[in-house]
Amino acid sequence: MARAKKQAGFKFEQALERLEDIVSRLESGQVELEQALALHQEAAELLTRCHQLLDEAQKKIKKITRSDRGYDVQDMDMEETDR
């Protein structure tokens, strides 16, 4: 539980860096099974944190459009960018 609280405070870059460290350790093959399972769980929690942070960032993205009145700033519809 303490780890989850710590990770909740991670910035995106911190979480990503920790994820990269975990992947390197797991790929090395030098981790025992119990530790590998714990690292996998931590990675899943970090991935959830990264997705949360990305979702928050997407909500903040603004779309600037030019109109007769000048420039309008609107919330960006992220589904619109997928088309």
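The values are calculated or read from the model by the stated rules, or taken from the named source; none is laboratory data. What you see is a predicted model, and the numbers here were worked out from it, not measured in a lab. Positions of Cβ are backbone-derived with ideal geometry, glycine not excepted, and every protein chain shown enters the neighbour counts.
A few comments on the model shown:
- Test: residue in region 54-73 that is surrounded by 15 or more Cβ atoms within 10 Å (Cβ to Cβ), assigned to a helix (DSSP H, G or I) and modelled with pLDDT of 90 or more: no
- Residue match in region 24-35 (condition: at pLDDT below 95, in a helix (DSSP H, G or I) and hydroxyl-bearing (S, T, Y)): no
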